[in-house]
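Worksheet for the structure shown next.
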């Protein structure tokens, strides 16, 4: 819980500030583009038959990194998050809800009906650890590879210590802003957070909407129209606490600080333009 001091008196903050509204394109001389949703390009979503919203992972990207250990370029999608980066995303999600959540603790294990052969850890409902764990579990959008349930290390909770760190998908979700670094004809090279380096101070990215993205999921209504909404993690916490709804932030990541994206996947934005990742 955050304590505020006003005129010498201390108060506990109980109202959350939504951070994914009134987003604005910077007016700094760079070209910016917004990624299009699948239905805006293809007239359909990836899992058209799903009865629920699915992660709106952004396609049409090319990620190649020079691996100094092998002396060659290699393509990549998932990247192991070292200890510093794991704690960085914890602090990012803490910031997203104004540090209003209790930290929480481990409270046992459970099984998920949709994945009955796997054992999951339970953390205090509505706590920061619950939020964090819900983002990095098996079958989550960005950890559906080498994850904690698969035996990979999570430094934040101390699980599977000594193993290789869990991996993070370096693809973002649709509807977010990108800063163009170079034009390659059919592709743009765009800037991204470099996971091969140490994390920057969190304050360095909080006002950079081309690096700080908002996780989106997409679905199709019974009437045939499409929607794009916030990820459920922060949304659930806000609903349970009767707080203003806010989104779940994710980083726009890479190895090397950039990647390429097809031009058909984006639309040009104007300096100072207000935008939203959602529909």
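The values are calculated or read from the model by the stated rules, or taken from the named source; none is laboratory data. Since the model is a prediction, treat every value here as computed from it, not as a measurement. Here Cβ is always computed from backbone atoms with ideal geometry, including for glycine, and neighbour counts include all displayed protein chains.
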*Residue check, residue 206 part of a helix (DSSP H, G or I), at pLDDT 95 or above and over 19 Å from residue 31 (Cβ atoms)*: no
*Being over 15 Å from the mean Cα position of the chain (by Cα) and without any contact (Cβ under 8 Å) to a residue 24 or more places away in the chain is the filter here, so list the residues in the range 130-151 that pass it.*
138, 147, 150, 151
_Matching residues, the range 204-219, being in contact with a helix residue (DSSP H, G or I) (Cβ under 9 Å, 6 or more places away or on another chain) and closer than 18 Å to residue 141 by Cβ_ = 212, 215, 217, 218
*Which number in (1) surrounded by fewer than 14 Cβ atoms within 10 Å (Cβ to Cβ); (2) closer than 25 Å to residue 241 by Cβ; (3) in contact (Cβ under 8 Å) with a residue 60 or more places away in the chain marks the one condition that residue 110 misses?*
(3)
*Go through (1) modelled with pLDDT under 95; (2) more than 27 Å from residue 16 (Cβ to Cβ); (3) touching a strand residue (DSSP E or B) at 6+ places or on another chain (Cβ under 7 Å) one by one and return the number of the condition residue 71 breaks.*
(3)
*Would you mind finding the one in 151, 224, 247 that is on the phi > 0 side of the Ramachandran plot and at pLDDT 95 or above?*
151
*Run down 246, 218 and say which single residue is surrounded by 20 or more Cβ atoms within 10 Å (Cβ to Cβ), within 16 Å of the chain's Cα centre (by Cα) and over 28 Å from residue 42 (Cβ atoms).*
246
*In the range 152-169, which residues are touching a helix residue (DSSP H, G or I) at 6+ places or on another chain (Cβ under 9 Å), touching a residue at least 40 places away in the same chain (Cβ under 8 Å) and part of a loop (DSSP other than H, G, I, E, B)?*
155, 156, 157, 166
*Would a scan of the range 264-276 turn up a residue that is modelled with pLDDT of 95 or more, assigned to a loop (DSSP other than H, G, I, E, B) and within 20 Å of residue 41 (Cα to Cα)?*
yes
*residue 94 passes all but one of (1) on the phi > 0 side of the Ramachandran plot; (2) modelled with pLDDT of 95 or more; (3) touching a helix residue (DSSP H, G or I) at 6+ places or on another chain (Cβ under 9 Å); which number fails?*
(1)
